[in-house]
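The values are calculated or read from the model by the stated rules, or taken from the named source; none is laboratory data. Values in this document were obtained by computation on a predicted structure and should not be read as measured data. All Cβ positions, even for glycine, are placed from backbone atoms using ideal geometry, and neighbour counts span all protein chains on display.
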Amino acid sequence: MSLTLVFRIQAVMFAIFGVMMLLAPGAMMASFNVTESAVAEGLMQGMSLMVLAMAYLSWQLPNWAADSIKSVGMFFAIVHAIWIPLTLFQMSSGMFPADTANIIGNIGPDLVLAILFFWKSR
């Protein structure tokens, strides 16, 4: 597995979440046991454009960064590592349900991507 493949895996993950946030925000929130509201759905649709942009950037970064790809990979390793304690804080404070779907669906991908980016960027 190459660092480029890790970037592409991240891009696909961002794209899936971005499309779901744009086209079916209520269904996405319901799948994570989060209470739906018109305001939250509107915010998710707005943020979907940023997530889709991150998908595109993640797909293109191996081409753009060329020889500096390892430093970009380390940046994403740190980003994914930081998302884990943030998600745990949100769950522990009751902002986000602390159930299996959320632990696997939120922490799982970040943990795997953080490990892969650290491993392939060293």
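Is it the case that the stretch 25-32 has a residue that's under 22 Å from Phe96 (Cβ atoms), modelled with pLDDT under 95, of a type in the set (Phe, Trp, Tyr) and outside any helix (DSSP H, G or I)?
Yes, the stretch 25-32 contains a residue that is under 22 Å from Phe96 (Cβ atoms), modelled with pLDDT under 95, of a type in the set (Phe, Trp, Tyr) and outside any helix (DSSP H, G or I).
Criterion first (of a type outside the set (A, V, I, L, M, F, W, C), outside any helix (DSSP H, G or I) and either farther than 25 Å from Met1 by Cβ or touching a Lys or Arg at 6+ places or on another chain (Cβ under 7 Å) (or both)) does Glu41 satisfy it? Spell out how you get there, then give the answer.
Values: of a type outside the set (A, V, I, L, M, F, W, C): yes; outside any helix (DSSP H, G or I): no; either farther than 25 Å from Met1 by Cβ or touching a Lys or Arg at 6+ places or on another chain (Cβ under 7 Å) (or both): yes.
Judged against the criteria, Glu41 is not a match.
Could you check how many residues of the stretch 42-70 are over 18 Å from the mean Cα position of the chain (by Cα) and exposed (fewer than 13 other Cβ atoms within 10 Å of the Cβ)?
Counting residues in the stretch 42-70 that are over 18 Å from the mean Cα position of the chain (by Cα) and exposed (fewer than 13 other Cβ atoms within 10 Å of the Cβ) gives 6.
Please work out if Val79 is touching a residue at least 40 places away in the same chain (Cβ under 8 Å) and either closer than 17 Å to Leu116 by Cα or loosely packed, with under 13 Cβ neighbours inside 10 Å (or both).
Numbers: touching a residue at least 40 places away in the same chain (Cβ under 8 Å): no; either closer than 17 Å to Leu116 by Cα or loosely packed, with under 13 Cβ neighbours inside 10 Å (or both): yes.
In short, no.
Among the numbered criteria (1) modelled with pLDDT under 95; (2) surrounded by 14 or more Cβ atoms within 10 Å (Cβ to Cβ), which one does Phe117 miss?
(1)
In the stretch 66-87, is there at least one residue being in a helix (DSSP H, G or I) and closer than 17 Å to Pro25 by Cβ? Write out each step before concluding.
Let us first name the residues in the stretch 66-87 that are in a helix (DSSP H, G or I), namely 66-87.
With closer than 17 Å to Pro25 by Cβ added as a condition, the list becomes none.
Checking the stretch 66-87: not a single residue is in a helix (DSSP H, G or I) and closer than 17 Å to Pro25 by Cβ.
Within the bounds of the stretch 27-34, is there any residue that is aromatic (Phe, Trp, Tyr) and touching a Ser or Thr at 6+ places or on another chain (Cβ under 6 Å)?
No, because not a single residue in the stretch 27-34 is aromatic (Phe, Trp, Tyr) and touching a Ser or Thr at 6+ places or on another chain (Cβ under 6 Å).
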